[in-house]
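What follows is a single structure, written as structure tokens, with notes after it.
The values are calculated or read from the model by the stated rules, or taken from the named source; none is laboratory data. Given the structure is predicted, the values throughout are model-derived calculations rather than measurements. Backbone-built Cβ (ideal geometry, glycine too); neighbour counts: all protein chains shown.
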Amino acid sequence: MRIGLPVRLLASTIVLFAVLALLRGIDHDESQYVAAALLSAHGDLPYRDYAYLQTPLQPLLFAPVAWIAGALTWPVLRLANVMLGVALVGCVWRASREAGAGARASLSVAALFATCDAFLFSIATARNDALPAALLGGALVLIVRAGAGRGSTTGAAIVGALLAGAAAAKISYALPAVGYGMYALVDRRHRPLAVLAGALPIVALVGWTWVQAPAGFVFGTLTFPARAPAEYYRAAPWKLSWLAKVVDVLKFLALGPALIALVVAGRGGWRRSPVVAVVAVAGFVAALLPFPTWRQYLLPMLPPLFVLLALASQQRPPERWVRIAAVVFVCAGIAPTLAGLIAGGGGGTGRVPMLAALRDGRAVRDALDRAGVTGPVATLSPQFLAATGRLPDARFATGPFYFRSHALVAPGAEAGLHLVSGDRLDALATPSSGKGEGGSMPMPAAILVGGEAKWSSGNPALDARLEHWAIAHEYRAVPVASPRFRLYVRLP
């Protein structure tokens, strides 16, 4: 049977993105997301049983994936994000077609979107960017359909569920959801009551996680994102300035054709679909709010922006300078990914990063087996524990991101939130230190260091603090057949 071009294109895209994900270097940003999926796969809930510094949907949805994947959880989570990325590209294409753009323009715009560095980074790592973006993309298709008068009550309810789900996976997506909700109140073709009805089950789920652990929920979703950057960049306050934000936003827009899309869409594409423009503007505001700005923060605005680009291109074919500029920006968009693949393979070892990570995990597993450790392990790089068959100690489920903080939580409140900072490591030596919303926790049976390093975009000084604490408290070193890792086991 002959396979049509769309099927071939889809298969090629999946293979290409999967290869990029497996070859991409290790990033310590993935730590808390892999840890959260592992812990939830074993029945734990975010906030109640472990700290989580985002809204709660992703670990709940990915828990079955982690349960099935077992030792392969980390690469499988990367591949799950790849599939979400492919779906998102398809949604940009479909939304453009639903909005009235031609087949060629829609396909070209979807391909341009796929070369943005913000997109490529988000789908190649086990972070929480691809899931909310894919949910937003799915909603965008139905939003455009409703704006053209082809919507339905069921479709509006699905839009509500998808937008609420995006916000429940990453809080910045709440702004596009609110922006669309306000627009729906004005344009009743979007059936605002049905949108609200579709959102309510997701809102109820998020509310349920809040009820389980109110203090942990508020800290993870609001307090930490609001206060941690100012504390972390206290020595470099210029990073939190508006001038730095302008530079960063322009830089990340220019890493891919998003900047040229912004210019072209601003010339008239928004007039053909005001609702898409509203979602894009809300996504842009969501990108501007956090300090400092990182590339993945731009992702909420990109799908609607490229739909507007398709409409603008359909209305007025791009001039020669636009096409030339697009090629330049496409090259700029894929350059960071290519540079990372060339220079960062396995942290400079020349090994395939994910295969190297699995081998390191097996080496740690063998060392834990020899030492007779079966319980949770304290580490700032919990993503490596998936391959060991052990769970991370709940107090280290956020990887290095809370550990490096200093005064975000009162000294006596960390235990109840399942947290420990590098300044208060002695709390680990108190068996009752875990009392609070989640009960009590003993001292760690084992401590693993080495994964928070320069080759993982981390800070080795943080691992050094944990290692010094382990030595000072008479944990014994256990040999690990990996030059990267060191393991310490508590003496009986």
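Being at pLDDT 90 or above, of a type outside the set (S, T, N, Q), in a helix (DSSP H, G or I) and under 30 Å from G151 (Cα atoms) is a description that applies to A194. Of the helices (runs of 4 or more DSSP H) entirely within region 42-120, those holding at least 1 residues that are surrounded by 22 or more Cβ atoms within 10 Å (Cβ to Cβ), among the polar types (S, T, N, Q) and at pLDDT 95 or above occupy 57-69, 73-99. Only one entry in A261, A215 is small (G, A, S), over 30 Å from A312 (Cβ atoms), assigned to a helix (DSSP H, G or I) and touching a residue at least 12 places away in the same chain (Cβ under 8 Å), namely A215. Taken over region 390-404, the residue count meeting the criterion of being outside any helix (DSSP H, G or I) and among the aliphatic types (A, V, I, L, M) is 2.
The set of residues in region 264-286 being touching a residue at least 60 places away in the same chain (Cβ under 8 Å) and either basic (K, R) or closer than 18 Å to S108 by Cβ (or both) consists of R272, S273, V276.
Do the conditions hold for V195, that is, is it surrounded by fewer than 22 Cβ atoms within 10 Å (Cβ to Cβ) and either under 26 Å from A287 (Cβ atoms) or not assigned by TED's automatic domain parsing to the domain that holds V307 (or both)?
The answer is no for V195.
Restricting attention to region 121-153, the residues that are among the aliphatic types (A, V, I, L, M), surrounded by fewer than 20 Cβ atoms within 10 Å (Cβ to Cβ) and part of a helix (DSSP H, G or I) add up to 0. With respect to the conditions (1) in a loop (DSSP other than H, G, I, E, B); (2) closer than 18 Å to V218 by Cα; (3) at pLDDT 90 or above, G451 falls short on a single one, namely (2). The condition (being on the phi < 0 side of the Ramachandran plot, modelled with pLDDT of 90 or more and either touching a Pro at 6+ places or on another chain (Cβ under 9 Å) or buried (at least 18 other Cβ atoms within 10 Å of the Cβ) (or both)) is satisfied by just one residue among V278, V264: V278. One residue alone among P336, P292, P317, P300 is outside any helix (DSSP H, G or I) and in contact with a Lys or Arg (Cβ under 9 Å, 6 or more places away or on another chain), and that residue is P292. Just one of the listed residues (P483, P479) is touching a residue at least 40 places away in the same chain (Cβ under 8 Å) and within 17 Å of G361 (Cβ to Cβ), namely P479. Among the residues in region 375-389, are any within 21 Å of R362 (Cα to Cα), modelled with pLDDT under 90 and part of a loop (DSSP other than H, G, I, E, B)? Yes, region 375-389 has at least one match.
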